[in-house]
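Novice: This is the structure I want to talk about, given as structure tokens.
The values are calculated or read from the model by the stated rules, or taken from the named source; none is laboratory data. Note that the structure is predicted; figures quoted are calculated from it, not measured. So basically every Cβ, Gly included, is an ideal-geometry build from the backbone, and we count neighbours across all protein chains shown.
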Amino acid sequence: MLHSAALSADLLERVGVGVGSFRSDDAVLPVPPALLSLFPGGGLRRGSTITVSRSPSLVLALTAQVSKRPGWCAEVGSPLLGSAAAVEAGIALERFVRVAEPGEQWATVTASLLEAFDLVIVHPPARAGQGDMRRLSARARERSAVLLVAGAWEGAMVGLSITGSKWQGLGAGHGYLRARQVEVQALGRGSAARPQRVKVWLPGIDGAVSLAHENAA
Amino acid sequence: MASSRAVRRLNNRAVRTLAVWCPDWPVVAAGGNADEPSAVLAGGHIFACSAAARLEGVRRGQRRRDAQSRCPELAVYPHDPSRDARLFEQVAESVEALVPGIEIVRPGLIVVAARGAARYYKGELPLLAKISTTVADETGRDVQLGLADGSFAATQAAYFAHIVPAGESAKFLAPQPIRSLDRPELADLLVRLGIRTLGDFAALPRADVLARFGPDAAYAHDLAHGFEARPPSARSAPPDLAVELALDPPVDRVDTATFVAKALAEQLHERLEARGLACIRISIEARTSNGEQLARSWRHGGVSTAGFSALAIADRTRWQLDGWLSGTIRSDDGQPTGGMVFLRLVPDEVVADAGRQLSLWDSTTGLGSDFSARGADVEQIERALARVQGLLGPEAVVTAVVGGGRELAEQVRLVPWGEPREMLPGDTCPWPGQLPSPSPATVLPEARSVTVTAVDGSPVEVSDRLAVSAPLHWLRIEQRAPIEIVGWAGPWPLDTHWWDRVAARRRARFQLTTVDGAGWLVTFDSGRWLIEAVYD
């Protein structure tokens, strides 16, 4: 299962699906193979905006796949993402640049980073306006970067969220957290309008993201 | 052929040069004692070691483990190039007061043209005596001096504390091993061909060396001959290549200086690159708000045909500014007497760019090795981050280094973009009591107070002997409805600073899962429950 998923990602990448495909080798950034069914384009299309709500581990898993490429990723607006967890997910910390407290300048900072980075994660402040978000999304499209909004924004190409989560490893007073099964839901526009769900280990016993059932999705 | 001979004759007029060398400088600067085995570690390998450590079999380039197996009592310090440069500034100042026009090759090594000074002090021997006593008196540092024709020979002479008579550089160099050329790849090759000394190498026909090994080797061949240690194409730079910057407000902090240094270095590098030039000697000039003029020259690696990279220029500038800010322009109480209001970088000597010096990311120093992978366009990345740093200050843009430590917060160090991401000695050791992976994806900057109660709603407590008063059943965050705890493990004791009566803390850690599927890391700390992190 894993093999065929990886293969099709590879294939899609080579064919070059998606916008900005003038760089056909590179039009789609890879996603964890287990989540492939949620991305109709075969991965994160360059130039697109996606949202991930309420799941830092999912943000880390997506970032890791881009980071391993090797790509450059940046995060704006939150000091919360655990660096140890980032390393475990496979992110190269030397190519993961963070601006935790941009203050009023968060949109300007994000726009600057979209100029150069492959993936920019933004935690928009509560007061963020639709105008700001639209401008950033347009900037991402123009620069063929991927904008990952940690939170909700309806203008995104794909919105990911976790609809179910169950940790394993803890008993009543013994054990330790070992693995977690989650249900990830993707809700998109256009070709991704129908909600898609997939059950995955995030992380599995081995720390990796993998499909929880053969027949999922 | 005739013209190449002419060039050779010109180069042969090697300048009488004095080299001032502080043995094992990185170790000395780190505070190591030369009489005890100590070493400086960079990237897990020995970068420099004291004479005592060398006697025990410790060598440069060894892995830490190998070095410690040879010498268990080895004291190990982390490598800090800016500390090396900052402390070396005192020595540089003290030498400069006697012999003007010094060039720093690296922290620990100075070269300077010696003819004028030797005449002034009535002979070479009195000059050397004057320098070694003055430096020892003023800085308390031990220096070793060498005098020869050309800076390469002078440097080698300094390693032996030797005065090479005029015209005898070639004779002095002949028995030296081939690796003193500081070109490991070339040396490797030559040794395999049976050429072990500079004399053997110099005996080869120059045209053959050039044809077989390329221009850099031909240049090394000249060095082995004792010809002037200056690349044949070296020339003084036209004045318009200098870059300068007025600083308003005045710069009196090292981190701001770092930022300025980087911007200016990039600018200079771009300007040189546009003309196909590389710089092998750079002057850093500054003026303080009190009108003091400061200037210092740095020479590239002593013996190389490849110029400074952008990163190397930035490093030298940062080190120099750091040195001035923490020494020269401070009064006795450590306060700056005035900030820097003007900074100028002058490429004193340039060579035609042989196409080797690269942008910030490919240098072999500092950041370079970390950034070998090239994803997006690194120059663009650098520009974008410079813009953000300009907007929010250099400290606002960071990357994390995960090291050792039991507590989540102390495991992570945030390094401002552009600073070297160095590991500390404790980073690679196992830390008993560290949480098992997976690590929490959300780490709260400040722990949040919560209530944990038993099934009957009574508060759960943990005694000093780690007895839990009742099974954990309800987790209540602020005034929200309590969430049922479905799994828990602990208490895992976390004693920190137990040796210190005031700072000692005894805490108990728990992992919880709640009915909504979330995982939590909570601690019981002197009667209170706190959330440290969330496994979400």
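Novice: In the range B:99-175, which helices (runs of 4 or more DSSP H) lie fully inside it and hold 3 or more residues that are closer than 15 Å to B:ALA14 by Cα and of a type outside the set (Asp, Glu)?
Specialist: Filter on the range B:99-175 gives B:151-159, B:169-173.
Novice: Follow-up question, since we're still on this one. Tell me which strands (runs of 3 or more DSSP E) are completely within the range B:243-321 and hold 1 or more residues being touching a Ser or Thr at 6+ places or on another chain (Cβ under 9 Å) and over 12 Å from B:VAL341 (Cα atoms), or say none if there are none.
Specialist: Fully inside the range B:243-321 and qualifying: B:277-288, B:293-299.
Novice: Would you mind stating whether A:GLU88 is within 11 Å of chain B (Cβ to nearest Cβ), surrounded by fewer than 21 Cβ atoms within 10 Å (Cβ to Cβ) and touching a helix residue (DSSP H, G or I) at 6+ places or on another chain (Cβ under 8 Å)?
Specialist: Spelling it out, it is not the case that A:GLU88 is within 11 Å of chain B (Cβ to nearest Cβ), surrounded by fewer than 21 Cβ atoms within 10 Å (Cβ to Cβ) and touching a helix residue (DSSP H, G or I) at 6+ places or on another chain (Cβ under 8 Å).
For every residue, the table says whether it meets (1) closer than 30 Å to B:ASP377 by Cβ; (2) touching a residue at least 40 places away in the same chain (Cβ under 8 Å); (3) exposed (fewer than 15 other Cβ atoms within 10 Å of the Cβ).
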| residue | (1), (2), (3) |
| --- | --- |
| A:SER137 | yes, yes, no |
| A:SER144 | yes, yes, no |
| A:VAL149 | yes, yes, no |
| A:ILE162 | no, yes, no |
| A:SER165 | no, no, no |
| A:GLY173 | no, no, yes |
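Novice: Follow-up. Could you tell me whether any residue of the range A:193-214 is closer than 24 Å to A:SER78 by Cα, more than 11 Å from chain B (Cβ to nearest Cβ), touching a Lys or Arg at 6+ places or on another chain (Cβ under 9 Å) and part of a strand (DSSP E or B)?
Specialist: The answer is no, given that none of the residues of the range A:193-214 is closer than 24 Å to A:SER78 by Cα, more than 11 Å from chain B (Cβ to nearest Cβ), touching a Lys or Arg at 6+ places or on another chain (Cβ under 9 Å) and part of a strand (DSSP E or B).
Per-residue answers, yes or no, for (1) modelled with pLDDT of 50 or more; (2) out of contact with any Lys or Arg (no Cβ under 6 Å at 6 or more places or on another chain); (3) of a type in the set (D, E, K, R); (4) not in a helix (DSSP H, G or I):
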{"site": "A:SER4", "(1), (2), (3), (4)": "no, yes, no, no"}
{"site": "A:LEU7", "(1), (2), (3), (4)": "no, yes, no, no"}
{"site": "A:LEU11", "(1), (2), (3), (4)": "no, yes, no, no"}
{"site": "A:SER21", "(1), (2), (3), (4)": "no, yes, no, yes"}
{"site": "A:SER57", "(1), (2), (3), (4)": "yes, yes, no, no"}
{"site": "A:VAL66", "(1), (2), (3), (4)": "yes, yes, no, no"}
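Novice: Confirm whether B:PRO26 is modelled with pLDDT under 85, within 14 Å of the chain's Cα centre (by Cα) and surrounded by 19 or more Cβ atoms within 10 Å (Cβ to Cβ).
Specialist: no
Novice: Let me ask something additional. Please work out if A:GLY188 is of a type outside the set (Val, Ile, Thr), modelled with pLDDT under 90 and over 23 Å from B:VAL443 (Cβ atoms).
Specialist: Yes, satisfied.
Novice: Within the range B:183-206, track down each residue that is over 20 Å from B:GLN156 (Cα atoms) and not in a helix (DSSP H, G or I).
Specialist: B:LEU193, B:GLY194, B:LEU204, B:PRO205
Novice: In the range B:345-357, is there at least one residue being modelled with pLDDT under 80, part of a loop (DSSP other than H, G, I, E, B) and within 19 Å of the chain's Cα centre (by Cα)?
Specialist: yes
Novice: For the list (1) over 23 Å from A:SER37 (Cβ atoms); (2) within 16 Å of the chain's Cα centre (by Cα), I need the number of the one condition that A:LEU136 fails.
Specialist: (2)
Residue-by-condition table, conditions (1) buried (at least 24 other Cβ atoms within 10 Å of the Cβ); (2) in contact (Cβ under 8 Å) with a residue 12 or more places away in the chain; (3) not polar (S, T, N, Q):
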| residue | (1), (2), (3) |
| --- | --- |
| A:PRO40 | no, yes, yes |
| A:SER57 | yes, yes, no |
| A:THR63 | yes, yes, no |
| A:VAL66 | yes, yes, yes |
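Novice: Within the range A:48-66, which residues are under 19 Å from A:ARG139 (Cα atoms) and hydroxyl-bearing (Ser, Thr, Tyr)?
Specialist: Passing the criteria: A:SER48, A:THR49, A:THR51.
Novice: Ok, one more. Take the range B:480-507 and flag every residue that is at pLDDT below 85 and not in a strand (DSSP E or B).
Specialist: Of everything in the range B:480-507, those that are at pLDDT below 85 and not in a strand (DSSP E or B) turn out to be B:HIS497, B:TRP498, B:TRP499, B:ASP500, B:ARG501, B:VAL502, B:ALA503, B:ALA504.
Novice: Considering only the range B:174-187, I want to know if a residue exists there that is of a type in the set (A, V, I, L, M) and surrounded by fewer than 16 Cβ atoms within 10 Å (Cβ to Cβ).
Specialist: no
Novice: Scan the range B:368-406 for residues that are part of a helix (DSSP H, G or I), more than 9 Å from chain A (Cβ to nearest Cβ) and at pLDDT below 70 and jot them down.
Specialist: Residues satisfying the conditions are B:GLY368, B:SER369.
Novice: Another question, if that's okay. Would you say B:PRO432 is surrounded by fewer than 16 Cβ atoms within 10 Å (Cβ to Cβ), under 29 Å from A:ALA89 (Cβ atoms), modelled with pLDDT under 80 and away from chain A (no Cβ under 14 Å)?
Specialist: Yes, satisfied.
Novice: Still on this structure: Tally up the residues in the range B:458-487 that are more than 19 Å from A:GLY173 (Cβ to Cβ) and polar (S, T, N, Q), please.
Specialist: Result for the range B:458-487: 1.
Novice: When the residues of the range A:164-191 are narrowed to those that are over 17 Å from the mean Cα position of the chain (by Cα) and of a type in the set (S, T, N, Q), which ends up farthest from the other protein chains (Cβ to nearest Cβ)?
Specialist: Among those residues, the one meeting the criterion is A:SER191.
Novice: Something else about it: Which residues, counting only those in the range B:444-476, are more than 12 Å from chain A (Cβ to nearest Cβ) and of a type in the set (Asp, Glu)?
Specialist: Scanning the range B:444-476 gives B:ASP456, B:GLU461, B:ASP464.
Novice: Which of the residues that make up the range B:204-216 are of a type in the set (A, V, I, L, M) and more than 16 Å from B:ALA187 (Cβ to Cβ)?
Specialist: B:ALA207, B:LEU210, B:ALA211
Novice: Tally up the residues in the range A:103-114 that are surrounded by fewer than 22 Cβ atoms within 10 Å (Cβ to Cβ) and at the interface with chain B (Cβ under 8 Å from one of its Cβ atoms), please.
Specialist: 3
Novice: Could you please find all residues in the range B:508-530 being within 12 Å of chain A (Cβ to nearest Cβ), of a type outside the set (Lys, Arg) and in a strand (DSSP E or B)?
Specialist: Those that are within 12 Å of chain A (Cβ to nearest Cβ), of a type outside the set (Lys, Arg) and in a strand (DSSP E or B): B:PHE510, B:GLN511, B:LEU512, B:THR513, B:THR514, B:GLY519, B:TRP520, B:LEU521.
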